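Student: Provided herewith is a single structure, encoded as structure tokens, for subsequent inquiry.
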Amino acid sequence: MGSRGLRPENCDPEESIVKILRAWGVVLLFGLLPAGLASAQVTTGSISGVVKDTSGAVTPSATVKVRNTDTSASRTLVSDDNGRYQATQLPLGLYEVEVSLPGYQTATRKGIELRVGETAVVDVTLNVGQLEQSIIVTGEAPLVDTTTSSVGGVIGQNAMAALPLNGRDFTQLTLLVPGVVDVTSIVNVTPLFGISRRIAVAGARASVGGTYLLDSTNIMGFWNDQTGSASLGTALGVDAIREFKVETNNFSAEYGRAGGSAINAVSRSGSNQFHGSVFEYLRNSALDARNYFDPADIPPFKRNQFGATIGGPIKRDKSFFFANYEGLRERKLVTRRSASPTALARQGILPTGNIVVNPAIVPLLSLFPLPNGPDLGGGVGQLINQGSRRLDENYVTGRIDHRFSDNDSLFVRYVFDHGSLTEPYPSPSTIDPVFGSLLRSRNQYITIQENRIFSNTVVNSFRLSFNRSNMSGQSPFRAPALDFLPGEDQRNAASVSISGVGQIGQQGNNPFQLIINMGSLADDLNIIKGAHALKIGSEVQKIQNPYRLDIGGGGSMSFNNLRDFLSGIPFTFSIALPGKFNTQRTWQQSVVGMYFTDSYKVLSNVTLNMGLRYEFITNPTEKYGRFSSVLNMSDPAATRFPNVFRKNPSLKNFAPRFGFAWDVRGTAKTSVRGGFGMFYSQYMPRNYGHYGFNPPETTISLGVNPGFPPNIANLGALAGSFSLVTAYDITTTPYMLQYNLNVQHEILANTLVSVGYVGSGGRKLLGAYDYNQPRPTTVSADGRPVRPAGTSRPNPNFANMQFTSPIHNSNYNSLTASVERRFAGGSHISANWNWSHSLDTNSSEFNGDGFNSAGETRDINNRAADYGNSTFDIRHVGTVNYAYQLPFGAGKRIGSGWNGIKQTLLGGWDTTGIARFSSGPPFQVYNGFDRSHDLRTGANRADRVDLRPGFSNNPVTGDPNQWFNPNAFALQPDGTYGNLGRNTLRGPGLTSVDLGLTKNTKLTERVNAQFRFEAFNIINRANFAVPPIQALAMFLDASSAINPLAGKIASTTTSARQLQFAVRLEF
């Protein structure tokens, strides 16, 4: 078969619509785009409004002065013939607006807090009188959004400072935004793929659905789906962030590269007042409850997070600085519950009959610790192990702002984040901490931005930025029994896995080092022209990826079951051959994006948001020419090519956006908003970097039924494999279609209610499949394709040929409702609920994205059989968060006159909290051996079983010892796939409540001492995880005997109740 095998199927009718949108996009972009270019992200806000007199008539030519009260920076505007004014590209902070006009009293609005990406509407009414007379009104801008059509939420500085955050990880706050789903416990959380928080947003995959930005600088690493120290599982720096915005649907054309969401943080800056803090947060197991799976004695756990911030003026009204340091030290004993062969099994005495233990397997068998828990059946017993987790991290931020003049300013911000982690259980299947990993992370981000005001209506920003993210890992321990290539010391030893038991040996992808060097050059031009607020721009990113990932270096051996292991009968063994192992590559590409947006106030109460983004990548290359692939699936060998793709698949990536905002009565009390947008997910090094372990530089031979011990010389005669790589003949880029309609209404003063619909559709999404899987040759009596044992692969020159191609679709629909109440003094309460349903044919690019669903398409000739619940399809998600100042103490409703010891003890108390509720994630069960004869193993196995007649396809019992009823399933006929659908079962839901109590004590007028007490999971609920991969294998051999681990849950998604104490000194 020719290259057609790499291409997606024929387009559906929706493709016609896409082509029309692209054609319209070309006309709009090249017809309207001026010479000026602009950046692709938002870190500022705008203030706009209309000036009227008391009769309601507009007042042109009024002088409007917009002043930042923190830095005294001001901008003076003049209202136009329709009384309109708009100040764009304003730094975040507190503002006042002063409006004056001869014959009228001067009007001043104070207390306007400008948030990221926000247009604060400040309408002003002038009273007749003398200029010297003035009217001052204090109050924030309206809660109701009457100007934009995007969906999302802003997390402000007050919320970040007040709410209880476990680990002081600012990404936890993204979960407070409707449409955001935490999938950290669902995906394959390993040090290689990163153990930081992963989120799926409004139907977009967690893997490539969103972008994390800091001051418009991309701050993600190689995997392009997390921020912070991915290998360590942290995201520090909450004290250095002013606020951030989570854009979940139909966001502006200013944002690019991602198809799902944008999380845009803005760093803190100095002001005319010196301010700072010194803090330490303490955790200790002596204060904690026991985790459900811990032994009787709570394992020791100590965590110290400490640091300081300081900011202020270098030169008043001109230059400012801000600096932050945060240190993290953690020592924890981690419990792992797994399985291991019993003493009787080690003698060959199994419940199904006695066998002779192969003497050659004994050295491997001895690496499995003896069980120390109850007998689980099937020759295995429970193993309760504990390993030491050691984490050290240092995080530093510095920022300088300088105003050269009223019209010219610049800031420079630098972040350094370095840490190390000793992880005892680097894989969900690791049963012994002796096979732990040592991880290191070192990230640096720098941004330089210059802002220039050319006139009242033209403002420009120019930005340079650089991101260097470096993550690495290695396995220090090398067991001689696993050393199948003696003398190859630069490699790891092998790993050995047994279905229904677990894994011993090194993490199979160590050592690794993944570096991203990303430089960016951008410019942003804002033009106000009458009722139009125009933005035009572009950004160029240069990406370099030094890459090493030694998958297969020491070998990987799999056994179908314990009996086969004891008999020395492996199912597969793969290893990189001597002299043919070099995974080091340096990938290079650029991303070029340009956009045009117009926020057009077509009527006084109707705003249209229109935009177009055109973005493409350069065809990636390997710096030293070490790139090979196949043009046709029938090719006898790999061929060197100059570029990763035969033709650049991104040159037609025009992405239009359209939306509206209708202020129903013109009072900023009720709005109806909606929109539609198209968003591309560009190809990044994560998609093609794995060519590093493919021929000819690296040849990984895959032997089926290779015997034991394996004969490396015989393996050298076998065909090599292609794994986890992007197909060479791709012609399209994955994209998302997003749409929404929602209503906002201020039902009471400072109380906002929102109700809406959000939907999206993924098209041409990447997914992995093994093109070279054996094809069925006959059909069973019930019409199923049959693949007899021993069926040859289509291309005998290779083993598996695992490619990722844009062949998958997804559909997402949701309803959301939220209510927010703000109180005087900064208190607030907010609650939201989101119902959604996400369906697709594959939820991941490859097997690192989710262990509760196979990483590969089951049958490339029948993708429709995989259409089902997305891996991240969590139907119900609800959150509540609040920060409340208790109403007693000096200046409060109760005890307003208190002082002295009474005020010290009883005044200054605040309480805060976060509650999260969600239904369970989907998962599927499969065979632990190759029943279908498609020659796949591990996370790639999609060999689903049969569902027995009369049983539900979600036979959940609710018992963590056996979460589902295994009797609902049956072994399907030999050589076929089962009839059970994909992701039909549901895991446990989540309920978690975190509470905080804060005591503020004034030491002097400007110095405050703060004592904090925080309780995480205060209700001490065991939030069970989905059963681990060993417990999802239903049958381990053709006898139809049920895996004794089937359905057994082994971990929780949250900790047991943990208490934290903190002391802060703030000035």
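Student: Report the one residue of Leu608, Asn653, Gln738 whose Cα lies farthest in the direction of the positive end of the charge dipole of region 598-739 (charges on C-beta: Lys and Arg +1, Asp and Glu -1; origin at the Cα centre).
Tutor: Leu608
Student: Would you work out which of Phe435, Ala865, Ala1062 lies farthest towards the positive end of the dipole of the chain? Charges go on Cβ: Lys and Arg +1, Asp and Glu -1.
Tutor: Checking the options against the dipole of the chain, the answer is Ala1062.
Student: Go ahead and collect, in residue order, the members of region 250-281 whose backbone nitrogen is under 14 Å from a label point 7 Å along the Cα-Cβ direction of Arg316.
Tutor: 271-274
Student: What number results when the radius of gyration of region 756-854, computed over Cα atoms, is divided by 2.2 N^0.38 Å?
Tutor: Compared with the compact-globule rule of thumb, region 756-854 sits at 1.81.
Student: Additional query: Post the alpha-carbon centroid distance, region 1018-1044 to region 64-98, in whole angstrom.
Tutor: 60 Å
Student: Within region 956-971, find all residues whose amide N lies under 12 Å from a label point positioned 7 Å from the Cα of Ser1040 along Cα-to-beta-carbon.
Tutor: Under 12 Å, as judged by backbone N against the label point of Ser1040, lie 969-971 of region 956-971.
Student: Let me know the Rg and Dmax you get for region 879-1066 when you use only its Cα atoms, in Å.
Tutor: Cα-based Rg and Dmax for region 879-1066 come out at 26.5, 83 Å.
Student: What is the helix-to-structure angle for 14-32, meaning the angle in degrees between its Cα long axis and the longest Cα principal axis of the chain, kept from 0 to 90 and rounded to the nearest 10?
Tutor: That works out to roughly 40 degrees.
Student: What's log10 of I(q)/I(0) for region 575-636 at q = 0.14, 0.19, 0.25, 0.26 Å⁻¹, Debye sum over Cα points only, no solvent?
Tutor: Relative scattering, expressed as log10 I(q)/I(0), comes to -0.70, -0.93, -1.08, -1.09.
Student: Let's see if you can work this out: charge +1 on each Lys and Arg Cβ, -1 on each Asp and Glu Cβ, no other charges. What is the dipole magnitude of region 178-295 about its Cα centre, in debye to the nearest 20?
Tutor: 140 debye
Student: Run the simple label-point estimate for Lys892 and Val1007 please: 7 Å along Cα→C-beta, distance reported in nm.
Tutor: The two pseudo-label positions are separated by 2.4 nm.
Student: Using a 10 Å cut-off around each Cβ, can you sort His690, His532, His933 from fewest to most neighbouring Cβ atoms?
Tutor: The order, fewest Cβ neighbours first, is His532, His933, His690.
Student: Related question: To the nearest 20 Debye, how big is the dipole of the chain about its Cα centre, given +1 on the beta carbon of each Lys and Arg and -1 on that of each Asp and Glu?
Tutor: The dipole magnitude comes to about 600 debye.
Student: How do Val945, Val704, Val602, Val177 line up, fewest other C-beta atoms within 10 Å first?
Tutor: Listing Val945, Val704, Val602, Val177 from fewest to most nearby Cβ atoms yields Val602, Val704, Val945, Val177.
Student: For the chain, what proportion of DSSP beta bridges, expressed in % and rounded to the nearest 5, is antiparallel?
Tutor: About 95 percent, rounded to the nearest 5.
Student: Could you give log10 I(q)/I(0) at q = 0.15, 0.19 Å⁻¹ for region 526-651, computed by the Debye formula over C-alpha point scatterers of equal weight, without solvent?
Tutor: Cα-only, vacuum Debye calculation for region 526-651: -0.91, -1.11.
Student: Given the DSSP H assignment, sum -39500 (n - 2.57) over each helix run of at least 4 residues in the chain and divide by its residue total; what's the result at 222 nm in deg cm²/dmol, nearest 500?
Tutor: It lands at -1000 deg cm²/dmol.
Student: Which of the following values of Rg and Dmax of the Cα atoms in Å was calculated from the structure shown: (1) 34.2, 118; (2) 56.7, 188; (3) 30.1, 105?
Tutor: (3)
Student: Right, something else. Give the residue list of trypsin sites (Lys or Arg not before Pro) in region 289-356 that are DSSP loop and have at most 13 other beta-carbon atoms within 10 angstrom.
Tutor: Here the sparse-neighbourhood loop sites are Arg316.
Student: Tell me which of Pro178, Ala768, Phe293 sits at the most positive position along the dipole axis of the chain, charges placed on C-beta atoms (Lys, Arg +1; Asp, Glu -1).
Tutor: Final value for the positive-end residue is Phe293.
Student: If I stretch the segment between Leu410 and Ser590 completely, what's the gain in nm (0.36 nm per residue apart, minus their alpha carbon distance), one decimal? Before the final figure, lay out the partial values.
Tutor: Details: separation 180, 0.36 × 180 = 64.80 nm, distance 2.62 nm.
Full extension of this stretch gives 62.2 nm more.
Student: Among the listed pairs Lys245/Lys1048; Lys52/Lys669; Lys110/Lys1002; Lys110/Lys669; Lys542/Lys647, which have their C-alpha atoms separated by more than 28 angstrom in this model?
Tutor: Cα-Cα > 28 Å for Lys245/Lys1048; rest within.
Student: DSSP loop (so not H, G, I, E, B), at most 12 other Cβ within 10 Å: list which trypsin sites (Lys or Arg not before Pro) in region 458-549 pass both filters.
Tutor: none
Student: What is the order of Glu1005, Glu1066, fewest Cβ neighbours within 10 Å to most? If you can, show how the numbers build up before the last one.
Tutor: Working: Glu1005 7, Glu1066 17.
Fewest-to-most ranking of Glu1005, Glu1066: Glu1005, Glu1066.
Student: With no solvent and one point on each alpha carbon, what is the Debye value of log10 I(q)/I(0) for region 45-141 at q = 0.12, 0.16 Å⁻¹?
Tutor: Values returned for q = 0.12, 0.16 Å⁻¹ are -0.33, -0.59.
Student: Could you work out how far apart the two model spin labels at Val779 and Asn711 are, taking each label as a point 7 Å from the Cα in the direction of the beta carbon, and quote it in nm?
Tutor: The two pseudo-label positions are separated by 4.2 nm.
Student: Tell me, in nm to one decimal, what length is gained between Val78 and Val602 on full extension, where the rule is 0.36 nm per residue of separation less the Cα-Cα distance?
Tutor: Roughly 186.6 nm would be gained on extension.
Student: With every atom except the alpha carbons ignored, what do you get for Rg and Dmax of region 852-983, in angstroms?
Tutor: When restricted to the Cα atoms of region 852-983, Rg and Dmax are 27.0, 83 Å.
Student: Now for a different question. Convert 10 °C to kelvin, take the viscosity as 1.306 mPa s, use the Kirkwood radius over C-alpha pairs of region 995-1056 as Rh, and evaluate the Stokes-Einstein diffusion coefficient in µm²/s, rounded to a whole number.
Tutor: On the way: Rh = 15.9 Å.
It comes out at roughly 100 µm²/s.
Student: Placing +1 at every Lys and Arg Cβ and -1 at every Asp and Glu Cβ, with all other atoms neutral, what dipole size does region 57-123 have around its Cα centre, in debye to the nearest 20?
Tutor: Approximately 100 debye in magnitude.
Student: Check each of the GluC sites (Glu not before Pro) in region 82-161 and keep only those in coil by DSSP with at most 11 other C-beta atoms within 10 angstrom; list them in order.
Tutor: Working: sites: Glu96, Glu98, Glu113, Glu118, Glu132, Glu140; in loops: Glu118, Glu132, Glu140.
Listed in order of number, the matching sites are Glu132.
Each reported figure results from applying straightforward, stated rules to the coordinates on display, with no laboratory input. Remember, it's a predicted structure, so these values are computed and weren't measured experimentally. We place every Cβ from the backbone using ideal geometry, glycine too, and count neighbours over all the protein chains shown.
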